[in-house]
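Each remark here refers to the structure printed beneath this line.
The values are calculated or read from the model by the stated rules, or taken from the named source; none is laboratory data. What you see is a predicted model; the values in this text were computed from it and never measured. With ideal geometry, Cβ positions are generated from the backbone for all residues, glycine too; neighbour counts draw on all protein chains shown.
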Amino acid sequence: MKKRKILYISGTRAEYGLMRKTLFCINRHPKLKLEIVVTGMHLMSEFGKTISEIKKDNFKVHKIKAIYKRDNKESMSNFIGEFTLKLTRVIKRIKPDIILIEGDRAEMLSGAIVGAYLTIPVAHSHGGDITSTVDEFARHAITKLSHIHFPATKKSAERIIRMGEDKQRVFVVGAPGLDSILGERLFSKKNTAKKYKLDLYKPILLVLQHPVTTEVEDAGKQMRETMKAVKELGCQTIIIYPNSDAGGRRMIKVIERYRKYPFIQIYKNVPHKDYLSLMRIVSVLVGNSSSGIIEAPSFNLPTVNIGQRQKGRERVANVIDVGFSKEQIKRAIKKALYDKKFGQKVKRCKNPYGDGKTGPRIANILSEIKIDKKLLQKQISYQ
């Protein structure tokens, strides 16, 4: 029997790490075969050129050379146009049965547009979530362009249905990122501490802060407030570069000024398994990454969530929301480290994003769903 060809689009280390276990499930499924389009941040040496991690996994890869050439909004818009043009040509050649995308990034919006106009069904993971800025409406635009929906939670599924999507297309599968946490053996605490030269008996901060696309001009200033707080606290700190969105390079310039401090370690990128293993041993996650809200509860890890980037996303008691202020960030980190009442709440919190079995669910649905006119010719479900 001919296998269905699933084409996944990947543009960043973070999204690939979240989907990695799901991609293995698809590739192993007897009715499916997987190919991956790799673009964007994966091809940029200043952000670690993470295509090497994908190649290590031995997936069939199609490289599309489209990158964020400058550190501004125009570059992001230009990227969407360039990638959409190149992706159209590649998809016409590959002829996938289904295009799989995750989240709200520009690469995924291009994938949804191309799939919709080439009449290829698009399956979208993490639709229906609430965040903020351009990510918010990009995610919902992708939902309306997609044919199959894989929301992480019931609340996200309800939002997708309220947007006029047929409930028969909506499958609550959980967050793919939890599969690696709950279904993969991470590195031991001792080995992780040794590799990153960390003392497990002292507080450890993990900092991952991305630019906010509607606040590009302030990206450097915002990062500076975080770095000042980190410096004044003097804790062991691991800092990972932001993503390649507009403002990211400005943030990197600020980060690099702090490399001289012996308690601060700075990395362009860390492998996803390393990142999860670090989450297991650090004391606090600081920044505005979705991992602080979606994955951190599985480690009972406190998160200091800075700014509006994750505004509205479902969360539990591990999260402390603060603004871009050195003093607010310092107070929140101290609360996460030393407030026993808060610490007890974090220890009791349960992750609302699933059970770590998302990959098999997605693979089975992709293998069984009927591809016909009813799937491809969408209509708003309410009158």
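For Ser45, the conditions (1) under 21 Å from the mean Cα position of the chain (by Cα); (2) buried (at least 17 other Cβ atoms within 10 Å of the Cβ) all hold with the exception of (2).
Only a single item in (1) crowded, with 16+ Cβ neighbours inside 10 Å; (2) out of contact with any helix residue (DSSP H, G or I) (no Cβ under 8 Å at 6 or more places or on another chain) is not met by Val122, and it is number (2).
Pull up segment 191-244, narrow it to residues that are among the hydrophobic types (A, V, I, L, M, F, W, C) and assigned to a helix (DSSP H, G or I), then point me to the one that is surrounded by the most Cβ atoms within 10 Å (Cβ to Cβ). Checking each candidate, the answer is Met223. In segment 161-190, of all residues being without any contact (Cβ under 8 Å) to a residue 60 or more places away in the chain and surrounded by 13 or more Cβ atoms within 10 Å (Cβ to Cβ), the one that is nearest to Glu15 (Cα to Cα) corresponds to Val172. For Ala66, state whether it is small (Gly, Ala, Ser) and over 14 Å from Asn269 (Cβ atoms). For Ala66, the condition - small (Gly, Ala, Ser) and over 14 Å from Asn269 (Cβ atoms) - is met.
In the set (1) assigned to a loop (DSSP other than H, G, I, E, B); (2) in contact with a helix residue (DSSP H, G or I) (Cβ under 7 Å, 6 or more places away or on another chain); (3) closer than 23 Å to Leu23 by Cβ, the condition left unmet by Pro96 is number (2).
Of all the residues in segment 2-30, those that are assigned to a loop (DSSP other than H, G, I, E, B) and not hydroxyl-bearing (Ser, Thr, Tyr) number 5.
Within segment 299-318, can one find any residue that is more than 25 Å from Tyr241 (Cα to Cα), small (Gly, Ala, Ser) and in contact (Cβ under 8 Å) with a residue 12 or more places away in the chain? Yes, segment 299-318 contains a residue that is more than 25 Å from Tyr241 (Cα to Cα), small (Gly, Ala, Ser) and in contact (Cβ under 8 Å) with a residue 12 or more places away in the chain.
Quick check: anything in segment 339-352 in contact (Cβ under 8 Å) with a residue 60 or more places away in the chain and not in a loop (DSSP other than H, G, I, E, B)? Among the residues of segment 339-352, not one is in contact (Cβ under 8 Å) with a residue 60 or more places away in the chain and not in a loop (DSSP other than H, G, I, E, B), which makes the answer no.
Results for (1) among the basic types (Lys, Arg); (2) in contact (Cβ under 8 Å) with a residue 12 or more places away in the chain; (3) farther than 21 Å from Ile371 by Cα; (4) touching a Gly at 6+ places or on another chain (Cβ under 8 Å), shown as yes or no for each residue.
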site	(1), (2), (3), (4)
Leu7	no, yes, no, no
Ala14	no, yes, yes, no
Thr50	no, yes, yes, no
Lys92	yes, yes, no, no
Ile113	no, yes, no, no
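With respect to Ile181, is the statement that it is within 14 Å of Ile294 (Cβ to Cβ), at pLDDT below 95, of a type outside the set (S, T, N, Q) and outside any helix (DSSP H, G or I) true?
no
Within segment 147-157, the presence of at least one residue that is of a type outside the set (S, T, N, Q), over 20 Å from the mean Cα position of the chain (by Cα) and either modelled with pLDDT of 95 or more or surrounded by fewer than 17 Cβ atoms within 10 Å (Cβ to Cβ) (or both) is confirmed. Suppose we keep only residues that are in contact with a strand residue (DSSP E or B) (Cβ under 7 Å, 6 or more places away or on another chain) and among the polar types (S, T, N, Q) within segment 180-226. Which one would you say is farthest from Ala336 (Cα to Cα)? Looking at residues that are in contact with a strand residue (DSSP E or B) (Cβ under 7 Å, 6 or more places away or on another chain) and among the polar types (S, T, N, Q), I get Gln209. Going through (1) touching a helix residue (DSSP H, G or I) at 6+ places or on another chain (Cβ under 6 Å); (2) assigned to a helix (DSSP H, G or I); (3) surrounded by fewer than 24 Cβ atoms within 10 Å (Cβ to Cβ); (4) not polar (S, T, N, Q) one by one, Glu53 falls short only on (1). In segment 357-374, the residues that are within 11 Å of His147 (Cα to Cα) and at pLDDT below 95 never reach a residue that is assigned to a loop (DSSP other than H, G, I, E, B) and not hydroxyl-bearing (Ser, Thr, Tyr) with C-beta atoms less than 7 angstrom apart, at least six apart or across chains.
Leu285 meets the conditions (1) within 29 Å of Lys195 (Cα to Cα); (2) in contact with a strand residue (DSSP E or B) (Cβ under 9 Å, 6 or more places away or on another chain); (3) part of a helix (DSSP H, G or I) in every case but one. The failed one is (3).
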